[in-house]
Amino acid sequence: MKPVALVTGAAGLIGGYLVRTAPRWVPDWDVRGVTRDEVDLTDHGQVERLWNRHRPDLVIHCAALSRTGLCEQEPERARQINVEATRSLADLAKDVPFIFLSTDQVFDGAKGQYVETDAVRPLNVYGKTKAEAEQVVLANPAHAVVRIALTAGTSPTRDRSFVEDMVRTAAKGTMMTLFTDEFRCPLPAGALVRALWEIGLQGRPGLYHLGGRERLSRWEIGELLAARFPELRSSIRPGSVADYQGPPRPPDLSMCSDTIQALLSFRLPGFRQWLTEKPSNGGDPWDDPSAVAR
């Protein structure tokens, strides 16, 4: 029988890619995706039954409440999903490799180019719950935490990636202000999930940063996307985070991914390179498995 990999959050952006790309990257594994509709991960009894049903040899835990605004509105729900559900799964997976997806938002954005040894200082509820969950996971020296950057891709529900959000907002005729002084290291979902599969198969515990090679402002990201999605051109304008009226925004969440890069069989792409290459399958570049291998 094939070893079993359990992927939570299979209806989300990254979980969906992990399940969809499994035949290409892990053909010798039985990959079983789990969605919120199937199992309430905040119900410990349901989680135990899920575990006993699948008895996985590897867990990649993607499920989360990741909308920052929603986390601010419902902090207790965010903690139940992001921390306590993670605790239940990590406890059950104490003897198998377990990969927990965290976020660059565990940092305050004051310096940028963060490395794994930098102290966390989250500014929002989402980042705080993820930082707490990281400590739960890393209490087991056999488990891994991967902090991921802004991810581009096409989700099963077409509403989970920042690109999908931007295209949908533009379709409504709403103007978007993209900050010239807020920085991230965006990464296509295809490259991100290939890296997760490689780390999972290697059984590499520890803490890793996983983002693209380029540090780009929100405005630069928008300009690059507008070249591929012309409908965005009339819906984006530059602005400054200094003029933003709302909850604190980390200005520079760029991360250094050298640690994980040293373990991978391929080079993590830069977002600009990825978008300017013509995908061999004629579709979006982040959904082109052959591009990931280049």
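Just a few scattered comments:
- The residues of region 61-92 that are at pLDDT 95 or above and in contact with a Phe, Trp or Tyr (Cβ under 8 Å, 6 or more places away or on another chain), listed by number, are His61, Ala78, Asn82, Thr86, Leu89, Ala90, Leu92.
- Residue within region 209-217 that is part of a strand (DSSP E or B) and over 22 Å from the mean Cα position of the chain (by Cα) present: no
- Within region 24-39, residues that are of a type in the set (Phe, Trp, Tyr) reach partners that are part of a strand (DSSP E or B) and surrounded by 17 or more Cβ atoms within 10 Å (Cβ to Cβ) with beta carbons closer than 7 Å, at six or more positions or on different chains, in the pairs Trp29/Ala5.
- Unique match (being polar (S, T, N, Q), free of Cβ contacts under 8 Å to residues at least 40 places away in the same chain and part of a helix (DSSP H, G or I)) among Gln105, Gln80: Gln80
- Checking each residue in region 230-243 for being surrounded by fewer than 16 Cβ atoms within 10 Å (Cβ to Cβ) and not polar (S, T, N, Q) picks out Pro230, Glu231, Arg233, Arg237, Pro238, Ala242, Asp243.
- Of all residues in region 9-23, none satisfies being of a type in the set (Phe, Trp, Tyr) and at pLDDT 95 or above.
- Checking Ala133, Ala119, Ala142, Ala110 one by one, the residue that is touching a helix residue (DSSP H, G or I) at 6+ places or on another chain (Cβ under 6 Å) and outside any strand (DSSP E or B) is Ala133 and no other.
- Failed item in (1) more than 23 Å from Ala10 (Cβ to Cβ); (2) among the acidic types (Asp, Glu); (3) out of contact with any helix residue (DSSP H, G or I) (no Cβ under 8 Å at 6 or more places or on another chain); (4) crowded, with 16+ Cβ neighbours inside 10 Å, with Glu214 passing the rest: (3)
- Taking region 224-245 as the range and being of a type outside the set (A, V, I, L, M, F, W, C) and touching a helix residue (DSSP H, G or I) at 6+ places or on another chain (Cβ under 9 Å) as the test, the residues that pass are Arg228, Glu231, Arg233, Ser234, Ser235, Arg237, Pro238, Gly239.
- Of all the numbered requirements in (1) surrounded by fewer than 21 Cβ atoms within 10 Å (Cβ to Cβ); (2) touching a residue at least 60 places away in the same chain (Cβ under 8 Å); (3) among the aromatic types (Phe, Trp, Tyr), Tyr208 misses one, and that requirement is (1).
- Positions within region 233-257 being in a helix (DSSP H, G or I) and not hydrophobic (A, V, I, L, M, F, W, C), in sequence order: Arg233, Ser234, Ser235, Asp243
- Residue in region 84-94 that is at positive phi, in a loop (DSSP other than H, G, I, E, B) and not hydroxyl-bearing (Ser, Thr, Tyr) present: no
- The residue pairs whose first member lies in region 188-204 and is charged (D, E, K, R), whose second member is surrounded by 22 or more Cβ atoms within 10 Å (Cβ to Cβ), and whose beta carbons are closer than 6 Å, counting only pairs six or more residues apart or on different chains, are Arg194/Val292.
- Residue list for region 172-186, restricted to those being surrounded by fewer than 16 Cβ atoms within 10 Å (Cβ to Cβ) and part of a loop (DSSP other than H, G, I, E, B): Lys172, Gly173, Thr174, Met175, Thr180, Asp181
- Qualifying positions in region 11-44 - of a type in the set (S, T, N, Q) and touching a Pro at 6+ places or on another chain (Cβ under 7 Å): Thr21
- Exactly one residue among Asn124, Asn140 is surrounded by fewer than 17 Cβ atoms within 10 Å (Cβ to Cβ) and touching a residue at least 40 places away in the same chain (Cβ under 8 Å), and that residue is Asn140.
The values are calculated or read from the model by the stated rules, or taken from the named source; none is laboratory data. None of the values given here were measured: they were computed from a predicted structure. Neighbour counts run over all protein chains shown; Cβ positions are idealised from the backbone, glycine included.
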